[in-house]
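The values are calculated or read from the model by the stated rules, or taken from the named source; none is laboratory data. The model shown is predicted, which means the values in this text are computed figures rather than measured ones. As a convention, Cβ positions derive from the backbone with ideal geometry for all residues, glycine included, and neighbour counts pool all protein chains shown. Note: areas computed on protein heavy atoms with side chains; ligands, DNA, RNA excluded. Shrake-Rupley method; radii C 1.70, N 1.55, O 1.52, S 1.80 Å.
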Amino acid sequence: LDNLKKPATVGGINGNRIEMQGVEQRLVATVIPANGQFYIFKLLGPIDEVKAAQSDYDAFLASVHLDAAAAAPAPPTESASAQTSETAGPPFTWIAPPTWKADPAQIEFRTAGWTVGSGVDQAEITISAPFTASSFDLDTNMQQWRSKLGMSPTPNGKEGQPTQIQIGDQTAMEID
C-alpha cells in the first residue's frame, strides 16, 4: 500500500490519498480523521473521466472545511454554492464544481455524492459517512475497490498485516 499512498490535506487535516488503477477504471480516495472518526472522499470511474475530473476533485478537496458550528445540514445540489454533510460528527462545508451533477440516491455508507461525465462513462465522487477505526475493515474496502477496478483479489482476501499508525492526532490502520 505504501506505493499507492501519498500524504494529503483536507480542511486543514492531514490524511492519506490512495490512487489505484485497473485496466479500465481508476480510483482516487482521500482518507482523513476528524473527531475520532474517519471520512473517505472518493473519485471512481473510467480512467479518462477520472483523469479529466481530477483537477476539479483537487479543487473540491481544497474547498472542504470542518465547521462544527454550521447550520442544519443540506443535501448537495448542482450549484457551486457551499454545501454541508448530512451525517453526525463535524459537518463539512464544501464547494462542488458546477459540472458535477448531484446524486441524491441514499447509498449506505455515503454522506454525499455526485457524477461527472455522460452516459456509461460517468465518474462518481462521494464522501463516506463517518466511521471509527475499529468499525472499518480496510481489507474489505481494498478488495471492493480492487473489484471495481477490475483487479483480481489478493490471496486470502487480505492486503497485508495491519499496523497502527497516527494520522494527525487519530489512530488509524495501515495495510502494506
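Listed values, structure above:
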| item | result |
| --- | --- |
| Under 5 Å, built H, 5+ apart or other chain: amide partners of Arg26 | Gly45, Ile47 |
| Extension gain from Thr154 to Phe109, taking 0.36 nm per residue of separation minus the Cα-Cα distance | 13.8 nm |
| Gly11 long-range amide H proximity, modeled H, under 5 Å | Val64 |
| Set Lys5/Lys101; Lys101/Lys148; Lys5/Lys42 screened for pairs whose C-alpha atoms are more than 18 Å apart | Lys5/Lys101; Lys101/Lys148 |
| FRET efficiency estimate (nearest 0.05) - Cβ-Cβ, Asp48 to Asn14, R0 35 angstrom | 0.70 |
| Per-residue SASA entry for Thr9, accessible area with 1.4 Å probe, Å² rounded to 10 | 80 |
